[in-house]
Every structure is written in structure tokens, then in C-alpha cells.
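As C-alpha cells, the structure follows; a few thoughts come after it.
The values are calculated or read from the model by the stated rules, or taken from the named source; none is laboratory data. All figures in this text were calculated on a predicted structure; none of them were measured in a lab. Quick reminder, even Gly has a Cβ in these numbers, built from the backbone with ideal geometry, and neighbours come from all protein chains shown. Calculation scope for accessible area: heavy atoms of the full protein, side chains included, ligands and nucleic acids excluded. Shrake-Rupley method; radii C 1.70, N 1.55, O 1.52, S 1.80 Å.
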Amino acid sequence: MNHVMPSPCGGASGSPPSSAPSPYAPSPGTPDAPVPGAPTLRTPTLGRPPELLRPAEGITLRRRSASQSLALNAAVRANLDHLRPWLEWAAEAPTVARTAELTEAGAAAWDAGTDFIYLVGLDAEPGRVIGSFGLHRRIGPGALEIGYWVGTDHVGRGIATAAARALTEAAFALPGIHRVEIHCDPANTASAAVARRLGFRLDREVAAPVRAPGETGRKQIWVQERHPER
């Protein structure tokens, strides 16, 4: 995605207007699509993040696996109206086979050290997927980009902020990573709010192709750099 989502921004169920902010950091490729325009070659990270993270009580981030394909597909299909304004890959409902195929590709990318995709779950709802987060090695040396989405029934609960914080910490724990970025459309104010709450600074705003209905043709680059003591 290009990232962050506030619900596509809010938290209400149903289809948000295309101008509504989203709770995602639209991160192309999170969870179900290749990254448009990304370089075909990515330098692998020297380490791997934990396969299981607990960003807050009752919330888990678990490495995406084939066993979760059905639950992920159901989550994506249930949230298409919520995701479509900000995420290019949400234009059409994925088949179960397509989700399984992309999950397999994601597993290979994790092993290769270029993309680390997690599914979000709640202890209170075992087996259900409520969103997806990823660390992506697509923005140059020494850096990882966070991409994510959270389902419409669970926005506004601090899940995106807690999970993005956990991934930021996991990224900085990897050898050679000194910068983490979140990219979002200026209209996606919920995503920008997540970055701001986590102490990311708005580094710049650049022109970007419009690939989803809610996008404006601009992209904000939010940056956090590793503190010397880390």
C-alpha cells in the first residue's frame, strides 16, 4: 500500500466515502498484491524479525502462513469497500486460490529477507484475521517501509498504532536497518495520524501515480530514524 489507514479511516462499518481517511498505510503488496513500480531487485536484510509479535494485550501479529489463507481471503472480501479507496489491489475480490498463491510468494519473500508480512488476530476471536501488516525492503539501503490495513470492524481501537509500533521496534532490531518509513496519501489523514502518534516526522511530500479512487496524486513520506543508543 502506500500506507496507513485510519479506517479506511474511521471505524464505522459499511462503505466509507472515497474521501474518508483510511486506517491503513497503504502499502502496495499488503496483503495481497505485488508492489507496483517497485524495483525488481531488493537487497535482503541481514536478519529476520520474530515470526510472532504481541503489540498489546490480546493482539497478535503472526507471520502469514498457508494455514491462514481462507481466513485472510474472507477478511479481504469482507472489507473491500473499506479498502478500495486507498489500495489498488482491492479493486477486485481475490479468489481463495489467488490468496493462497500470494501467501506462498510472501513466504518465499520472508525467507529471502525482502518482505515480512504478518496477519493481525485477537485472542478473543481465534482463527479470525482482522488485518495485515508488513515490513518491506523496497525503499533503498538501510531502510524498511511499513504497510498495513485493519478491518472496518476494528478501526479506532489503537490496533494500527500498537502494531506499527511493534513493527518499528522489530525493524530497528535488525542488523543494518537505521530508518523506517510510512507512506500515505495526504487525504488519508487516519494513516498520517498513526505515523504522527508514533513519532515519525513528515520528511517530504511527492507526486505519486493515482492508483486507487481516494488518492490525490501526492504521497507523504513519514520517517523515523534509529536512535544512537539502539
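Of note:
- Listed values for region 92-101 are Karplus-derived 3J(HN,Hα) couplings in whole Hz (6.51 cos²θ - 1.76 cosθ + 1.60, θ = phi - 60°), namely 9, 6, x, 6, 4, 5, 5, 4, 5, 4, and x replaces Gly and Pro.
- The accessible surface of region 75-219, taken with every protein chain in place and a 1.4 Å probe, is 52 percent carbon and sulfur.
- The order of the peptides 107-113, 121-127, 151-157, 185-191 by mean Cβ neighbours within 10 Å, most packed first, is 185-191, 151-157, 107-113, 121-127.
- The candidates Val210, Val194, arranged from most to least accessible area with a 1.4 Å probe in the full protein assembly, appear as Val210, Val194.
- Using heavy atoms of the protein chains and a probe of 1.4 Å, the accessible area assigned to Phe172 is about 10 Å².
- Per-residue SASA entry for Leu70, accessible area with 1.4 Å probe, Å² rounded to 10: 120 Å²
- Accessible surface, 1.4 Å probe, highest first, among residues Leu52, Leu119, Leu102: Leu52, Leu102, Leu119
- Between region 40-83 and region 198-230, the Cα center-to-center distance that results, in Å: 21 Å
- Our estimate of slack between Glu169 and Thr216, defined as 0.36 nm per intervening residue step minus the Cα-Cα distance, is 13.9 nm.
- Note on Ala74 and Arg128: the extension gain reaches 18.5 nm, defined as 0.36 nm multiplied by sequence separation minus the Cα-Cα distance.
- List Glu104, Glu88, Glu57, ordered by accessible area with a 1.4 Å probe, largest first: Glu57, Glu104, Glu88
- Using a probe of 1.4 Å on the protein chains alone, the accessible area found for His183 is around 10 Å².
- Protein heavy-atom accessible surface, 1.4 Å probe, per residue over region 46-98: 52 Å².
- Approximating the spin labels as points 7 Å out from Cα along Cα→Cβ, the Glu104-to-Asp81 distance works out to 3.4 nm.
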